[in-house]
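To start, the structure under review is shown below, and the notes come after it.
The values are calculated or read from the model by the stated rules, or taken from the named source; none is laboratory data. Every value quoted in this text rests on a predicted model; they were computed, and no experiment measured them. Glycine gets a Cβ as well: all are built from the backbone with ideal geometry, and neighbour counts include every protein chain shown.
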Amino acid sequence: MSSPRKVYVEVTTLCNLQCSMCVKHAQGSCIPEGHMAMEVFQSLVTGLQSVEFLVLNGIGEPLLHPDLVKMVQLARQHMPEKGIIGFQSNGLLVNDSNAEKLLVSGLDTICLSLDNLEDTRAELRGKEHSLSPVINAVKSLDRARNKSARPFQLGIEVVISRDNMHQLNDLVAWAGTHRVDYILVSHLYSYDGRGQESILFSPNTRSAVQLYEKWQKRAQELGVNLENLPNVRLHYARDHQDQTLLEIGEWMRKEATASGIRMHLQNLFTFDAELAQTLGQIFEQAECAAKSLGIALHLPPKLAYEEKERHCFFMDEQASFVDQYGNISPCHFLWHTFRCQVNNEPLLVEHHTYGNVQDESLEEIWQKKSYKEFRQEATQSSYSTCWSCTPGPCANLLKQNAMDIRDCHGSQVPCGHCMWSIGWTRCL
Ligand SMILES: C[S@@+](CC[C@H](N)C(=O)[O-])C[C@H]1O[C@@H](n2cnc3c(N)ncnc32)[C@H](O)[C@@H]1O
Ligand code: SF4
Ligand code: SF4
Ligand code: SF4
């Protein structure tokens, strides 16, 4: 019988920081605070015999859990020898003593959050999260790694935005001198609109941008600006320029329809080609530097995946998500109840679960018909394209729980309006 290959366990939702960018602190979120009870973890752990990667964090700081070391020990006893155990941490609580205990217990990796080398992130991250605690954490982990017989991988996650993009190369160089093995770069996503002006990711696809740029050039040659298209439609008496603009708009629409390209005009008007080019150069330099230092660098896309290329890491990796009470959710997006934004419109996402490990085994829950159907649909990527939908998010999405409706493609998974499917965010 098949079972999940990767399991994310939210051992705690408590945190010692209050990063304003975090979904935990986003306006309208409702993530109850608490530690996972050991009984819940014990019910889960027996189902980990064939799990390849166990991630011991969700939203919250895992090192706040008083039994984290015990959890690692228990998981190690039940998981395959080659199975990886790891977690993400803000690093504030790492010290020589817990680093050594965790590695001796069988921990394989920690991914520390580090967004910059200067303290320019105070607004999004909180003033306490500066470089010095992360350096201390790295040193403690390095000392523990030197004593450990088991290989250990040290990673950092960088949330990239306009504020820190120019530090990426320095961060890679820093990682090289601190024996970091891998770097995960995620774009900043704004759950409630705060910090939105710093976002580098564009929810447009490359083909939509190319098509728009072609017709914008044509419009400029004819002395009009495509950005005025929505206004022209409202004009009572249309002049010659208005007519030209409407015609160009129509040609562009026909070409988009014929090529199967979906366009969100407002997102295309605000697309910053110069910024995307600068980011591309920064990424290239960072890739070169990481390669020469032997660091595995995972960069995000600059634009949304093309419609057919949309995919979800969690589905690719056959992941399952366990909350503090033992409830199983299919993915990060449905792990909690929170508010987010699709094209600046607020959207409520409600926690969705297929069962609880205290009542049924992980394998039994994984095999449930409804859960299997979810994975099938989410893997097919035939869901709606809400990020390229000008009138969206539609009334359906706004009014109801994301899992209780069918989107306009008839699909029941909420992947069309989720930020993970277009490559916006990523995690361990
Ligand atoms: C939610 S935290 C949990 C682990 C731990 N508390 C930490 O901060 O590393 C996991 C990762 O998500 C990142 N993150 C938080 N809010 C984010 C956002 N709005 N957009 C992108 N990444 C975000 C954090 O920087 C961190 O690297
Ligand atoms: S990003 Fe991590 S450290 Fe910051 S509030 Fe969220 S869980 Fe805590
Ligand atoms: S489900 Fe709604 S928001 Fe999504 S593509 Fe369809 S109409 Fe647009
Ligand atoms: S809703 Fe998002 S996170 Fe969940 S399966 Fe779909 S793409 Fe993945």
Only one of (1) outside any helix (DSSP H, G or I); (2) of a type in the set (G, A, S); (3) within 16 Å of ligand 2 (Cβ to nearest atom) fails for A137. Which number is that? (1)
Just for the stretch 149-194: of the residues that are at pLDDT below 95 and within 26 Å of I84 (Cα to Cα), which one is surrounded by the fewest Cβ atoms within 10 Å (Cβ to Cβ)? A149
Taking the stretch 64-78 and keeping only residues that are buried (at least 22 other Cβ atoms within 10 Å of the Cβ) and either free of Cβ contacts under 8 Å to residues at least 40 places away in the same chain or under 18 Å from E157 (Cα atoms) (or both), one is left with V72, A75
Restricting to the stretch 18-30, and then to whatever is surrounded by 17 or more Cβ atoms within 10 Å (Cβ to Cβ) and among the hydrophobic types (A, V, I, L, M, F, W, C), can you tell me which residue is nearest to ligand 4 (Cβ to nearest atom)? V23
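Determine which member of the set G355, G423 is touching a Pro at 6+ places or on another chain (Cβ under 6 Å), away from ligand 3 (no atom under 14 Å from the Cβ) and in contact (Cβ under 8 Å) with a residue 12 or more places away in the chain. Even if it seems obvious, please write down each step before you answer.
On the way: G355 fails: touching a Pro at 6+ places or on another chain (Cβ under 6 Å).
The unique qualifying residue is G423.
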From S388, S381, S421, grab the single residue that is within 16 Å of ligand 1 (Cβ to nearest atom) and either at pLDDT 80 or above or under 19 Å from the mean Cα position of the chain (by Cα) (or both). S421
Using beta carbons and a limit of 8 Å, which pairs, at least six apart or on different chains, have the first residue in the stretch 208-220 and in contact (Cβ under 8 Å) with a residue 40 or more places away in the chain and the second one buried (at least 18 other Cβ atoms within 10 Å of the Cβ) and among the polar types (S, T, N, Q)? A208/S388; V209/S202; Y212/N204
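Counting only residues that are within 15 Å of I84 (Cβ to Cβ) and either at pLDDT below 95 or not aliphatic (A, V, I, L, M) (or both), how many does the stretch 37-61 have?
5
Rundown of residues vs (1) away from ligand 3 (no atom under 16 Å from the Cβ); (2) in a loop (DSSP other than H, G, I, E, B); (3) surrounded by fewer than 18 Cβ atoms within 10 Å (Cβ to Cβ); (4) under 16 Å from the mean Cα position of the chain (by Cα), yes/no style:
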residue	(1), (2), (3), (4)
A258	yes, no, yes, no
M263	no, yes, no, no
Q277	yes, no, yes, no
Q281	yes, no, yes, no
E284	yes, no, yes, no
A289	yes, no, no, no
S320	yes, no, no, yes
F338	yes, no, no, yes
L348	no, no, yes, no
Whether any residue in the stretch 15-30 is away from ligand 1 (no atom under 15 Å from the Cβ), assigned to a strand (DSSP E or B), within 21 Å of N327 (Cβ to Cβ) and at pLDDT below 95 is what I want to check. yes
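Where residues in the stretch 159-184 are of a type outside the set (V, I, T) and in a strand (DSSP E or B), which of them is farthest from R426 (Cα to Cα)?
Out of the qualifying residues, it is Y182.
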